[in-house]
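The values are calculated or read from the model by the stated rules, or taken from the named source; none is laboratory data. None of the values given here were measured: they were computed from a predicted structure. In this analysis, Cβ positions are derived from the backbone assuming ideal geometry, glycine residues included, and neighbour counts consider all displayed protein chains.
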Amino acid sequence: MIALIILLVVIVAVVIWYVATYNGLINLKTHADESWSQIDVQLQRRNDLIPNLLATVKGYSKYEKKTLEEVTQLRQQIVNLPAGDHQKLMEVSDKLSGALNSLYAVAENYPDLKASAEYSKLMEELSNTENKIAYSRQLYNSVVANFNAKIQNFPANLVAKKHHFTALDYLQVPQEAKAAPQVSFDDLD
């Protein structure tokens with residue numbers, strides 16, 4: 001009789017552990033999806049701000065057509081990318097951030113533009129959005145690290161394999177963003 005009770009306790013404990021482990025994996029996966037969703041929201045916010053910024057800059061800078069076209073083209077690429085291609089979305093997003101930096105540099109040549117309240121407001125919103133994108137990317141990678149560790153740790157890996165949980169990819173920084181910027185003071189003479 002005691003052996004039966006011990007067996008039942010062990011079986012109940014294993015079932016409780018199994019359910020808790022499975023639910024933990026589901027929670028981590030859901031958190032990763034939600035973290036990605038936050039990145040998506042911020043990218044959409046940036047995409048919504050860009051047309052207003054371009055219209056404002058266009059009124060001041062008739063000669064900066066190439067930069068304006070590049071920003072417009074990259075924004076459109078982001079809009080047209082399939083929803084599940086996170087890495088490609090981040091690649092194009094990083095290029096768009098670079099193009100926006102060029103746009104900021106263009107604005108330096110137009111004091112009237114820099115003094116414009118509309119431009120200042122848009123630049124502040126865009127800067128805040130860029131910071132939120134960076135934070136969201138960091139949060140996503142942190143959640144992915146937790147999820148990937150959980151599905152690899154024993155004994156949770158047994159549950160993860162049975163239910164086909166697979167490792168998630170981290171968001172990577174593009175190689176060109178890792179390069180040190182080249183600074184030259186030759187033009188200052």
- What pairs can you find where one residue is in the stretch 86-99 and surrounded by fewer than 20 Cβ atoms within 10 Å (Cβ to Cβ), the other is part of a helix (DSSP H, G or I) and of a type in the set (Gly, Ala, Ser), and their Cβ atoms are less than 7 Å apart, with a gap of 6+ or different chains? 94/177
- Do the conditions hold for residue 68, that is, is it part of a helix (DSSP H, G or I), exposed (fewer than 12 other Cβ atoms within 10 Å of the Cβ) and without any contact (Cβ under 8 Å) to a residue 40 or more places away in the chain? no
- Task: Name the residue, out of 42, 87, 73, that is polar (S, T, N, Q) and over 13 Å from the mean Cα position of the chain (by Cα).
- Result: 73
- Query: Any chance the stretch 51-63 includes a residue that's without any contact (Cβ under 8 Å) to a residue 24 or more places away in the chain, over 27 Å from residue 170 (Cβ atoms) and outside any helix (DSSP H, G or I)?
  - Reply: yes
- Note on the structure: Exactly one of 115, 134, 99, 105 is farther than 16 Å from residue 51 by Cα and modelled with pLDDT of 75 or more, and that residue is 134
- Of (1) under 18 Å from residue 79 (Cβ atoms); (2) surrounded by 19 or more Cβ atoms within 10 Å (Cβ to Cβ), residue 55 fails just (2)
- Task: Could you please tell me which pairs satisfy a Cβ distance under 8 Å, a separation of 6+ or placement on different chains, a first residue in the stretch 132-148 that is part of a helix (DSSP H, G or I), and a second residue that is among the basic types (Lys, Arg)?
- Result: 132/45; 133/46; 147/29
